[in-house]
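The values are calculated or read from the model by the stated rules, or taken from the named source; none is laboratory data. From a predicted model like this one, the values you see are computed outputs, not experimental measurements. Here the Cβ positions follow ideal geometry from the backbone for every residue, glycine too, while neighbour counts run over all protein chains shown. Ligands, DNA and RNA are excluded from the accessible area calculation, which covers all protein heavy atoms including side chains. Shrake-Rupley method; radii C 1.70, N 1.55, O 1.52, S 1.80 Å.
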Amino acid sequence: MSGNGFGHLFRFTTWGESHGAAIGAVVDGVPPRLKLTEADIQPWLDRRRPGQSRFTTQRQEKDRVEILSGTFEGLTTGTPVSLLIRNEDQRSRDYGEIRDKYRPGHADIAYDMKYGIRDYRGGGRSSARETACRVAAGAVARKILGDGVRIRGSLVRMGADRIDPAAFDDAEIDGNPFFCADAAAAARWEDLLGRVRKAGSSVGAVVEVRASGVPPGLGAPAYDRLDADLAKAMMGINAVKGVEIGDGFAAAALSGEANADEIRMENGRPRFLSNHAGGVLGGISTGQDLVVRFAVKPTSSILTPRRTITRSGEETEIRTRGRHDPCVGIRAVPVGEAMMACVLADHLLRHRGIDSARGG
């Protein structure tokens with residue numbers, strides 16, 4: 001299986017399966033002499049960890065990260081950083097009934113078509129369990145970016161219910177189980193998700209990730225566009241079916257006058273009067289906030305019976321038992337933040353190479 005790595009100068013490769021002994025990542029391209037210990041990584045993993053509320057899967061994983069290589073006396077050495085996260089709460093027996101059935105909306109049938117074999121225990125590599133590795137890699141990326149770059153994700157829509165942008169309060173994000181910046185919306189979602197769980201169903205969501213303090217000049221105009229790499233990063237997250245930058249699809253309904261981010265000078269520097277472009281023009285960062293949103297489909301593993309086929313081609317029905325997220329978009333918020341950090345760290349290192357080449 002190819003395609004297990006992401007990035008260029010800053011690059012990580014993940015390994016492991018949902019019900020294997022462990023999962024992990026090897027992070028390459030980390031500059032030397034950065035302060036890095038498990039304590040720098042663990043808080044980010046704790047935000048993604050399952051079983052923290054009744055609105056996520058009740059699988060109990062501590063997600064304790066171990067640094068196996070790449071550091072010495074609390075500093076990075078410039079060699080690959082190897083990270084290990086042990087699986088501790090697998091219940092493979094929960095999947096015995098579906099070993100020969102394909103779950104509609106899941107990757108089961110596509111994996112079998114491609115490889116002729118599939119790990120039916122939680123989906124193997126297609127499981128969202130793998131995203132813990134991305135969050136760990138993102139924590140390393142944040143050390144490269146430094147404190148001047150702030151990355152913040154939030155849930156802005158659950159099902160058909162959107163937040164009120166005017167009620168957006170950053171302080172609310174960590175005050176509810178949905179990473180929601182609108183307290184009123186979070187209260188509605190609690191009721192919504194309770195009804196969804198009781199019905200044995202699931203619901204989708206939209207996640208927004210913003211990065212502030214991003215320097216201008218990251219990215220390139222053609223095939224190494226910053227926005228293109230961000231789109232790939234978010235689209236590569238499990239269950240994501242759509243990505244937009246800035247106003248995204250809504251920009252198609254705007255006039256040229258409304259869409260243009262006008263510019264003025266302030267204290268000798270350009271100041272944009274709006275940010276419809278989401279902080280990227282021509283594939284290059286402008287210094288404004290980067291704004292990315294991605295749509296997460298409803299969890300495919302549900303209790304409601306659905307029509308499907310078996311591996312031998314027989315028509316049948318399936319209902320998936322076990323522990324599953326009624327809205328997998330909730331735990332996608334820290335994953336989106338991590339992928340943003342990885343893209344920015346990669347582009348920052350590439351930009352530094354350009355500066356060095358021109359004597360900057």
Which residue pairs have Cβ atoms closer than 6 Å, lie 6 or more positions apart in sequence or on different chains, and pair a first residue in the stretch 205-230 that is over 14 Å from residue 278 (Cβ atoms) with a second residue that is surrounded by fewer than 15 Cβ atoms within 10 Å (Cβ to Cβ)? 213/148; 213/150; 221/282
Before we move on, is residue 208 among the acidic types (Asp, Glu), under 28 Å from residue 129 (Cβ atoms), open to solvent by less than 30 Å² (accessible area, probe 1.4 Å) and in a strand (DSSP E or B)? yes
Of the residues 39, 22, which single one is over 19 Å from the mean Cα position of the chain (by Cα), modelled with pLDDT of 90 or more and open to solvent by less than 50 Å² (accessible area, probe 1.4 Å)? 22
Quick check: anything in the stretch 165-175 within 18 Å of the chain's Cα centre (by Cα) and modelled with pLDDT under 95? yes
Failed item in (1) open to solvent by 10 Å² or more (accessible area, probe 1.4 Å); (2) in contact (Cβ under 8 Å) with a residue 24 or more places away in the chain, with residue 117 passing the rest: (2)
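Test of understanding: among 154, 202, which residue is of a type outside the set (Phe, Trp, Tyr), in contact (Cβ under 8 Å) with a residue 12 or more places away in the chain and assigned to a loop (DSSP other than H, G, I, E, B)?
Result of the check over 154, 202: 202.
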Consider the stretch 81-112. How many of its residues are buried (at least 18 other Cβ atoms within 10 Å of the Cβ), part of a loop (DSSP other than H, G, I, E, B) and either modelled with pLDDT of 95 or more or basic (Lys, Arg) (or both)? 1
For residue 196, which of the numbered conditions (1) within 30 Å of residue 321 (Cα to Cα); (2) touching a residue at least 40 places away in the same chain (Cβ under 8 Å); (3) surrounded by 23 or more Cβ atoms within 10 Å (Cβ to Cβ) fails to hold? (3)
Please work out which one of (1) assigned to a loop (DSSP other than H, G, I, E, B); (2) closer than 26 Å to residue 144 by Cα is the condition residue 345 fails and give its number. (1)
